[in-house]
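I have placed the structure first, in the form of C-alpha cells, so that the comments after it can refer back to it.
The values are calculated or read from the model by the stated rules, or taken from the named source; none is laboratory data. These numbers were taken from a predicted model, which means no experiment stands behind them. Positions of Cβ are backbone-derived with ideal geometry, glycine not excepted, and every protein chain shown enters the neighbour counts. Protein only, heavy atoms only, side chains kept; ligands, DNA and RNA dropped before computing areas. Shrake-Rupley method; radii C 1.70, N 1.55, O 1.52, S 1.80 Å.
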Amino acid sequence: MTFVRVLRYVVFRAVSLFLTVVVGVYLAILIANMGGYVDEIRKAQIQEQVGASMLADPKLLALPPSEVRRVIDQQIELEEQRLGLNRPFIVRSFTYLRDALTLSLGRAERLTSDKGSRQVRDVILERLPATLLLFGTTDLVVFFVAIFAALFLSRRYGSFLDKAVIALAPTSAAPAWFYGIFLILLFASLLRILPFGGMVDVPPPESALGYALSVAKHLVLPVTAMLIGSLFIAIYNWRTFFLIYSSEDYVEVAKAKGLPSGAIERRYILRPTLPPIITSFAFTLISLWSGAIILETVFSWPGLGRLLFQAVGQFDTPVIIGSVVIYAYLLALTVFLLDILYALVDPRVKLGGDAGRSL
C-alpha cells in the first residue's frame, strides 16, 4: 500500500506541474503576441512586402488597376493562409500552445543562427554555450564560495570579517549590469586593459590556446560585475541561515558532549540544511538557461539573454515562446525531482498518505 500511495503522489505532482506549465506557456503566448496585435503587425508587413514585390513586376504593371489589385489581394491571402493568419487569434493561440508543448518550435520569423538556419532550435542552441560559460562560471563560484564562507563566518560571529560582510551586503541592491557599466568605463575606456564587450577578439585567434585566453579576457568584466552584485548578499543569507541552525538545542547538547566542531557542522548544521542547499543549487543550475537580458546586452555577450532581447525587439514570437517553454519544462522537472530528493535527505518529509500535510 505504501508503494500505491507514493505512486499516487508522484502522479498527482506530475499532473499538477504539467498543468502549471500549460498555463504558464499559454500566458507567455498571449503576452508575446500582445493578445493578437503582433499578428496584425505581421499581416501589415505581408501586405507591404507582397505589394512591393508585385509592383516591381513589369508584366503586372501592364494589367488594368483592378486586375493588379486582385492579384495582390490573392497573393496576400495565400501568404496569410500559409502562416495561419486567416484564422481567429484564439484558435491560433491553442495551435501555438500545442506546438510549444510538443517542442515543435518551428522557424524564427526574423532571427537566424550564424550558419543561416531559421530553426528556433538551432538559434537557441547556438547561443546556449555562451550563456552556460558566463553564468555557469559565475553562479557556481558564487554558490560554493557563499556556502563555505558563510559556514566559516557562522563560527566567527561578531568578528571583523563578519561585520565586513554585513557592511558589504547592501552592494547587491544594485543589479550586476549597473556595476558592469562602471567596470567598462574604468577598465575598458580609461585604462584600456580589458575589452568593452563581446565573447572573443575580432578576428578570433586561430590557435586553441589563443582563443581560450581571448574568451577568458572577455569573461573578466561580466563575471566581476556579477560577483559584486550577488556574492556578499549570498554569504550574508547563508551565514544567517547557519547561525539559526547552530543555535538549536541539539547543537548545544553536541557541544556539551565534547564532539569536534567539524563533526557538529556536518551532522547537526549542514545535514538539516541539505534541503534548502539542494534547492538553491538546483535553481542555480536552472537559472543558467534564462541568462540576463540587460547584462548580456551591456557586454554584447552572445547568449540567451541577448537573444531574448533581440527577439522581443523584433517581435520574433517563435523564439520567445521557444525560450519560455524550454525553461518552463526544466523548472517543472526540477521541482518534481526536488520533491523526491527531499524525501531522501530529510526524514521529516513523507511521500504518500499524509504527504500533502507533511510537505
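Restricting attention to segment 184-236, report how many residues are without any contact (Cβ under 8 Å) to a residue 12 or more places away in the chain, outside any helix (DSSP H, G or I) and open to solvent by less than 80 Å² (accessible area, probe 1.4 Å). Spell out the reasoning first.
Let us first name the residues in segment 184-236 that are without any contact (Cβ under 8 Å) to a residue 12 or more places away in the chain, namely 185-186, 189-193, 202-213, 216.
With the extra rule that they be outside any helix (DSSP H, G or I), the set shrinks to 191-193, 202-207.
Next cut, open to solvent by less than 80 Å² (accessible area, probe 1.4 Å) only: 204-205, 207.
Qualifying residue count, segment 184-236: 3.
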Query raised in the report: Based on what the data block shows, is ILE90 β-branched (Val, Ile, Thr), over 21 Å from GLY106 (Cα atoms) and within 46 Å of the chain's Cα centre (by Cα)?
Result: no
Query raised in the report: Restricting attention to segment 271-283, does a residue exist that is closer than 30 Å to VAL200 by Cβ and open to solvent by 20 Å² or more (accessible area, probe 1.4 Å)?
Result: yes
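Which of the residues spanning segment 246-261 are among the hydrophobic types (A, V, I, L, M, F, W, C) and under 24 Å from PHE144 (Cα atoms)?
Our first condition is that a residue be among the hydrophobic types (A, V, I, L, M, F, W, C); within segment 246-261, this holds for 251, 253-254, 256, 259.
Across segment 246-261, the qualifying residue is only VAL251.
Residue by residue, here is whether (1) under 26 Å from LEU341 (Cα atoms); (2) open to solvent by 80 Å² or more (accessible area, probe 1.4 Å); (3) touching a residue at least 40 places away in the same chain (Cβ under 8 Å); (4) touching a strand residue (DSSP E or B) at 6+ places or on another chain (Cβ under 9 Å) holds:
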{"position": "ARG5", "(1), (2), (3), (4)": "yes, yes, yes, no"}
{"position": "ARG8", "(1), (2), (3), (4)": "yes, yes, yes, no"}
{"position": "PHE12", "(1), (2), (3), (4)": "yes, yes, no, no"}
{"position": "PHE18", "(1), (2), (3), (4)": "yes, yes, yes, no"}
{"position": "VAL23", "(1), (2), (3), (4)": "yes, yes, no, no"}
{"position": "ALA28", "(1), (2), (3), (4)": "no, no, yes, no"}
{"position": "ILE31", "(1), (2), (3), (4)": "no, yes, no, no"}
{"position": "GLY35", "(1), (2), (3), (4)": "no, no, yes, no"}
{"position": "VAL38", "(1), (2), (3), (4)": "no, no, yes, no"}
Report task. Considering only residues that are farther than 27 Å from ILE228 by Cβ and not hydrophobic (A, V, I, L, M, F, W, C), look in segment 295-319 and name the one that is farthest from the chain's Cα centre (by Cα). Result -> GLN314
Query raised in the report: Here are some conditions: (1) surrounded by 14 or more Cβ atoms within 10 Å (Cβ to Cβ); (2) without any contact (Cβ under 8 Å) to a residue 24 or more places away in the chain. LEU78 meets all but one. Which one does it not meet?
Result: (1)
Requested in this report: State all residues of segment 262-306 that are within 28 Å of PHE148 (Cβ to Cβ) and polar (S, T, N, Q); if no residue qualifies, say none.
Outcome: THR273, THR279, SER280, THR284, SER287, SER290
